[in-house]
Amino acid sequence: MRVVKEPGAAHSGLSDWYWQRLSAVVLALLLPLPFFLLVAVYGGAVDQQGLLDILDHVVSRLLHTILILALIIHAYMGLKVILEDYVHTIAWRIPLIGAMLVMMATFGIWWLAMIWAWI
Amino acid sequence: MAEIIKLSVFRFDPEKDDKPFMQTYEVPLLKSGMKLLDALNYIKWEIDGTLTYRRSCGEGVCGSDGLNINGVNGLACITPIEGLKQPIHVRPLPSMHVIRDLVVDMDHFFDQYRQIKPWLQSESPMPEHERLQSPEDRERLDGSYECILCGCCTTSCPSWWWNGDRFLGPAALLQANRWIVDSRDEATGERLDQLEDAFRLYRCHQIMNCMEACPKELNPTAAIGHIRRKLLSRKS
Ligand code: SF4
Ligand code: SF4
Ligand code: FES
């Protein structure tokens, strides 16, 4: 009998999958909200001051924060899976995933700074 | 004169040929309800004895004649000639290393099957007679035990094409689930441990090619979903 030389399971697949699904659910719930707002603005139901008031409200800021976190987690997980699918050389894969993580984190921090008016 | 069937068959003999090529054959329609395997047999026995392929039972039980037929994986022995567009393109299972003509190397496929430990694991002492199972528990094995390990599903899975070295593929995962749902097996925990991996299990992207390819009409995608739910409920 041939012995299978195989390193076994990494015990980490579930969390990737879990975060991807969870962030998808959050996105499905929250992503329509900005579009409603957009429609309301273009429809004339909300004027500029009204829009600013809505965006400034602490609840909107919290929802906005959750939305952007979910968006980044979802995009990161999705692109990670694609890189794992197609980039087979570990020496390429790990730096690429790392670079992507840095880019997304930077984008996320910048966006959060705008939401909470840090700068 | 009998009706003629046109076939275009993948040929490759690594000892003689530099490159694979498609060879055309014409075979008479021998009987109504004739299967593709009958045509291959006719070629081998009457026209060209060098054509090489695997087959044994001739009735969809042994799983040895999985082929790519007009672009779709299936068993030659139960695929009727009728309804196939001609010339019928017959190729080996996709993404597999060809040993000769339609014969592919299945070693890795069966290695992966062995990795899921496809046997009953139990700690409790051997009962005096057989290990009993209620009819309901037995019913939970329906849809899994029928698998004949033909490889049609696994070799049609794009995820397995890209990452077959690590992703176990639909056939092995269907069988992994078969042992997870078996009421007599007591190694569910270890089985789940061995599957929780971004590649071994989660490389399945639910493309469902496997389900469409399966000549036994089994549903590996659903089995993979069941394993995922098991893992999720264990952790949440
Ligand atoms: S459902 Fe999963 S296992 Fe089946 S073909 Fe698609 S990726 Fe492969
Ligand atoms: S699940 Fe179907 S296609 Fe896959 S190996 Fe088993 S019988 Fe063949
Ligand atoms: S010859 Fe046995 S399954 Fe086709």
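The values are calculated or read from the model by the stated rules, or taken from the named source; none is laboratory data. What you see is a predicted model; the values in this text were computed from it and never measured. Please note: Cβ atoms are built from the backbone with ideal geometry, for glycine as well, and neighbour counts cover all protein chains shown. Quick note on the areas: whole protein, heavy atoms, side chains included, nothing else; ligands and nucleic acids left out. Shrake-Rupley method; radii C 1.70, N 1.55, O 1.52, S 1.80 Å.
Being farther than 29 Å from A:M77 by Cβ and open to solvent by 80 Å² or more (accessible area, probe 1.4 Å) is the filter here, so list the residues in the stretch A:25-67 that pass it.
Let us first name the residues in the stretch A:25-67 that are farther than 29 Å from A:M77 by Cβ, namely A:39-54, A:56-57.
Within the stretch A:25-67, A:V39, A:Y42, A:A45, A:D47, A:Q48, A:Q49, A:L52, A:D53, A:D56, A:H57 meet the criteria.
Hey, can you tell me all the residues within the stretch B:216-236 that are part of a loop (DSSP other than H, G, I, E, B) and within 15 Å of ligand 1 (Cβ to nearest atom)?
Let us first name the residues in the stretch B:216-236 that are part of a loop (DSSP other than H, G, I, E, B), namely B:216-219, B:236.
Hits for the stretch B:216-236 are B:K216, B:E217, B:L218, B:N219.
Among the criteria (1) assigned to a loop (DSSP other than H, G, I, E, B); (2) touching a strand residue (DSSP E or B) at 6+ places or on another chain (Cβ under 7 Å), the one B:G63 does not fulfil is (2). Examine the stretch B:162-171 for a residue that is in contact with a strand residue (DSSP E or B) (Cβ under 7 Å, 6 or more places away or on another chain) and either open to solvent by less than 50 Å² (accessible area, probe 1.4 Å) or within 9 Å of ligand 2 (Cβ to nearest atom) (or both), and state whether such a residue exists. Within the stretch B:162-171, none of the residues are in contact with a strand residue (DSSP E or B) (Cβ under 7 Å, 6 or more places away or on another chain) and either open to solvent by less than 50 Å² (accessible area, probe 1.4 Å) or within 9 Å of ligand 2 (Cβ to nearest atom) (or both). Within the stretch B:67-74, the presence of a residue that is over 18 Å from B:C150 (Cα atoms), touching a helix residue (DSSP H, G or I) at 6+ places or on another chain (Cβ under 8 Å), without any contact (Cβ under 8 Å) to a residue 40 or more places away in the chain and more than 8 Å from ligand 3 (Cβ to nearest atom) is excluded.
If the condition is being more than 16 Å from the chain's Cα centre (by Cα) and surrounded by 17 or more Cβ atoms within 10 Å (Cβ to Cβ), then the stretch B:46-66 contributes only B:L51.
Among the numbered conditions (1) open to solvent by less than 80 Å² (accessible area, probe 1.4 Å); (2) modelled with pLDDT of 95 or more, the only one that B:F110 does not meet is (1).
Here are B:Q206, B:Q175: which of them is within 8 Å of ligand 1 (Cβ to nearest atom) and more than 9 Å from chain A (Cβ to nearest Cβ)? Outline the logic, then answer.
Numbers: B:Q175 fails: within 8 Å of ligand 1 (Cβ to nearest atom).
Only one candidate qualifies: B:Q206.
Is it the case, given these coordinates, that B:Y25 is in contact with a strand residue (DSSP E or B) (Cβ under 8 Å, 6 or more places away or on another chain), within 16 Å of ligand 3 (Cβ to nearest atom) and not aliphatic (A, V, I, L, M)?
Working: in contact with a strand residue (DSSP E or B) (Cβ under 8 Å, 6 or more places away or on another chain): yes; within 16 Å of ligand 3 (Cβ to nearest atom): no; not aliphatic (A, V, I, L, M): yes.
Against the criterion (in contact with a strand residue (DSSP E or B) (Cβ under 8 Å, 6 or more places away or on another chain), within 16 Å of ligand 3 (Cβ to nearest atom) and not aliphatic (A, V, I, L, M)), B:Y25 does not qualify.
Collect the residues in the stretch B:1-34 that are within 27 Å of B:G60 (Cα to Cα), open to solvent by 60 Å² or more (accessible area, probe 1.4 Å) and part of a strand (DSSP E or B), keeping them in residue-number order. Result: B:I4, B:K6, B:M22, B:T24, B:E26. Number of residues in the stretch B:75-87 that are over 22 Å from B:C57 (Cα atoms) and in contact (Cβ under 8 Å) with a residue 60 or more places away in the chain: the value is 2. Per the conditions (1) within 14 Å of chain A (Cβ to nearest Cβ); (2) aliphatic (A, V, I, L, M); (3) away from ligand 3 (no atom under 16 Å from the Cβ), the sole criterion not satisfied by B:M106 is (3).
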